[in-house]
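A.B. asks: Please read through the structure below; I'll follow up with questions.
Where a number appears in this text, it was derived from the coordinates with a stated rule and is not lab data. Worth saying up front: this structure is predicted, and the values here are computed from it rather than measured. All Cβ positions, glycine included, derive from the backbone under ideal geometry; neighbour counts span all protein chains shown.
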Amino acid sequence: MNSLPIIDISPLYAADPAGWPAVAKQIDQACRDWGFFYIEGHPISAARIAELKAAAIDFFARPAEEKLRIDITQTEHHRGYGAIATEQLDPSKPSDLKETFDMGLHLPTEHPDVLAGKPLRGPNRHPHIAGWQALMEQHYLDMHELSKTLLRAMTLALGIERDFFDQRFDQPISVLRMIHYPPRQTASCAEQQGAGAHTDYGCVTLLYQDNAGGLQVQNLQGEWIDAPPIDGTFVVNIGDMMARWSNDNYKSTPHRVISPLGVDRYSMPFFAEPHPDTEISCLPGCQDAAHPAKYAPISCSDYMLSRFAETYAYRREEGQAAASGA
């Protein structure tokens, strides 16, 4: 139990569906034992990953005033650039030693959800870098499709309709994030981590990490173990929404990033999250008389906003201002 399982998902892309049950069983076991696993055999090419990493290195190396033109704290729908220490994932530690770029499903200003002022809905805010927007928007769509393929495999083990997640992930609030972790020696103090210990908020996360290392996962004994980079893979982990859907049969596992010494680290997580109006409530096959539902139903958007308020100071301040009528 000191290394994460590696699952070949190529049978999910074969013309013959006979390989699906075996892959679904491996995913189900990994979700119950760990809440974390690697996938190989996916359709995202090494050339795409290299192009994305080069774009991230270029963007994060630019002057702060250029990056702050799309400052995430100046938006209502959480898109754009997050400066170092914008996030505090572990409230017992200093704010995180990382900078970020967040994007989601692009909805133009005239979209009904945007006009209605629905939370987490709106246009993306990209830097003015040649080729950036097309690259990011295409990768977002490709990661969305990959996440749906994984979720379809999970339906076999969870005993729900094959299209259960397909229906709920139409026009999702999924987020593609680029992250730059500066070397550890640039930290403000010894306690500042790249990303403090946390669980993810959404359904599933698919993470590309470069070869710098630093990701750690908590095992069942409460020990921190390394989740080292493995070429050609994504690290997949269960988020809190899927834990709620599965009544904690699928584990949302604490993890953190310890910034490496002497090198910059780049990663690209895709946080798969459903349509904002989706109700997150215990699946029928995950509860019975001996195991009643642990969580009250909640909408996707309400849950996400509550978690953002815990992590981002600017979100807490917005909430306090709204409560006071300011």
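A.B. asks: Taking residue 263 as the residue in question, decide whether it is in contact (Cβ under 8 Å) with a residue 12 or more places away in the chain, touching a Pro at 6+ places or on another chain (Cβ under 9 Å) and farther than 30 Å from residue 155 by Cβ.
C.D. replies: Yes.
A.B. asks: Filter the range 280-294 down to residues that are in a strand (DSSP E or B) and either touching a residue at least 40 places away in the same chain (Cβ under 8 Å) or surrounded by 12 or more Cβ atoms within 10 Å (Cβ to Cβ) (or both), then give me how many there are.
C.D. replies: Taking the range 280-294 and keeping what is in a strand (DSSP E or B), we get 280, 288, 291.
If we keep only those that are either touching a residue at least 40 places away in the same chain (Cβ under 8 Å) or surrounded by 12 or more Cβ atoms within 10 Å (Cβ to Cβ) (or both) too, we end up with 280, 291.
Count: 2.
A.B. asks: A follow-up question, please. Can you pull out the strands (runs of 3 or more DSSP E) entirely within the range 1-86 that have at least 1 residues that are under 17 Å from residue 99 (Cα atoms)?
C.D. replies: Values: elements: 6-8, 36-40, 80-82.
In the range 1-86, 80-82 are the strands (runs of 3 or more DSSP E) which contain 1 or more residues that are under 17 Å from residue 99 (Cα atoms).
A.B. asks: Moving to a separate point now. Checking residue 100 against (1) more than 16 Å from residue 273 (Cβ to Cβ); (2) in contact with a helix residue (DSSP H, G or I) (Cβ under 9 Å, 6 or more places away or on another chain); (3) in contact (Cβ under 8 Å) with a residue 24 or more places away in the chain; (4) assigned to a loop (DSSP other than H, G, I, E, B): exactly one of these is not met. Which one?
C.D. replies: Checking residue 100 against (1) more than 16 Å from residue 273 (Cβ to Cβ); (2) in contact with a helix residue (DSSP H, G or I) (Cβ under 9 Å, 6 or more places away or on another chain); (3) in contact (Cβ under 8 Å) with a residue 24 or more places away in the chain; (4) assigned to a loop (DSSP other than H, G, I, E, B), the one that fails is (4).
A.B. asks: Just a yes or no: is a residue in the range 202-212 in contact with a Ser or Thr (Cβ under 6 Å, 6 or more places away or on another chain) and farther than 30 Å from residue 286 by Cβ?
C.D. replies: yes
A.B. asks: Looking at 25, 53, which one is of a type in the set (Lys, Arg) and either buried (at least 17 other Cβ atoms within 10 Å of the Cβ) or in contact with a strand residue (DSSP E or B) (Cβ under 7 Å, 6 or more places away or on another chain) (or both)? Don't jump to the end; show me each part of the working.
C.D. replies: Details: 25 fails: either buried (at least 17 other Cβ atoms within 10 Å of the Cβ) or in contact with a strand residue (DSSP E or B) (Cβ under 7 Å, 6 or more places away or on another chain) (or both).
From the options 25, 53, the qualifying one is 53.
A.B. asks: Against the conditions (1) outside any helix (DSSP H, G or I); (2) closer than 27 Å to residue 279 by Cα; (3) of a type outside the set (Gly, Ala, Ser); (4) within 22 Å of the chain's Cα centre (by Cα), where does residue 140 fall short? Just the number, please.
C.D. replies: Result: residue 140 passes all but (1).
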